[in-house]
Amino acid sequence: MAKGKITFDYEKCKGCLLCVGYCPTKILALDKTHINEKGYNVIMVTDPEKCIGCAFCAIMCPDSVITVEKLKG
Ligand code: SF4
Ligand code: SF4
């Protein structure tokens, strides 16, 4: 069961991959099929069920792309 729900503000993402290295469950990756209006490939969650809601990704992103909602239960 996912313990966190991630949403992205895709237009702010630069595809820098900084967040990827801080995710303890390794579920963040570059989405090679999605390019934003600035021309960057953006970030995606590969396995949403594995998110533990730690918010490390959101804290580390320099562009405030990621929002993490803690899920109960
Ligand atoms: S979400 Fe933030 S840290 Fe992650 S790739 Fe996009 S800009 Fe970089
Ligand atoms: S909240 Fe934690 S587990 Fe979920 S994607 Fe971000 S860093 Fe990974």
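Each reported figure results from applying straightforward, stated rules to the coordinates on display, with no laboratory input. Given the structure is predicted, the values throughout are model-derived calculations rather than measurements. Glycine gets a Cβ as well: all are built from the backbone with ideal geometry, and neighbour counts include every protein chain shown.
For LEU28, nonlocal amide neighbours, meaning residues 5 or more places apart or on other chains whose placed amide H falls under 5 Å from its own, are THR46. Taking only the Cα atoms of the range 24-73, the radius of gyration and Dmax are 11.9, 38 Å.
Computed from phi, the 3J(HN,Hα) profile of the range 8-13 under the Karplus parametrisation 6.51, -1.76, 1.60 (θ = phi - 60°) reads 10, 9, 4, 5, 8, 6 Hz, with x in place of Gly and Pro. Think of it as helices only: each DSSP H run of n ≥ 4 in the chain is worth -39500 (n - 2.57), and spread over all residues that comes to -1500 deg cm²/dmol at 222 nm.
Counting 0.36 nm for each residue step from ASN41 to LEU17 and taking away their Cα separation leaves a gain of 7.6 nm.
Under 5 Å between amide hydrogens, built in the peptide plane, is the criterion, and for ILE43 it picks out GLY15, ASP31 among residues at least 5 positions away or on other chains. Only the Cβ atoms of Lys and Arg (+1) and of Asp and Glu (-1) were treated as charged; on that basis the dipole of the range 4-70 about its Cα centre amounts to roughly 160 debye.
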